[in-house]
């Protein structure tokens, strides 16, 4: 039996595979995507319990992905994982307005699991929806 479904949207193959491996080892069901378009297409078939999203993606960045994602899943927890320590303030504000937490890479295994568990626990709390 698999745990909650997690979407990992990450264009770097090594990071994507590492995140998928770490999450699956903890019992999560994982669908990993190299681009936002693939993840948004999959969203029409199933809804994840949480999303780990990179900011710098090909064709559509993480912010635009999140904007479109919110049209389908307004309350799904999302964590932005970015190596961009100089993220623009207006961009950071929009991520927050859209309900995404920002975390900076590198993200170690314990941190990744803590981020995900915190998001899922918060989402499961009474009155979270």
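In 10 Å bins starting at zero, report the fraction of Cα pairs in region 5-124 per bin as a rounded %.
In whole percents, the pair-distance histogram is 13, 52, 33, 2.
How high is the relative contact order of region 1-126, given as a whole-number percent (alpha carbon pairs under 8 Å, six or more residues apart)?
On the way: 187 pairs, mean separation 27.7, N = 126.
With pairs under 8 Å counted, the relative contact order is 22 percent.
Just so you know, all these numbers are worked out from the coordinates, no wet-lab data involved. From a predicted model like this one, the values you see are computed outputs, not experimental measurements.
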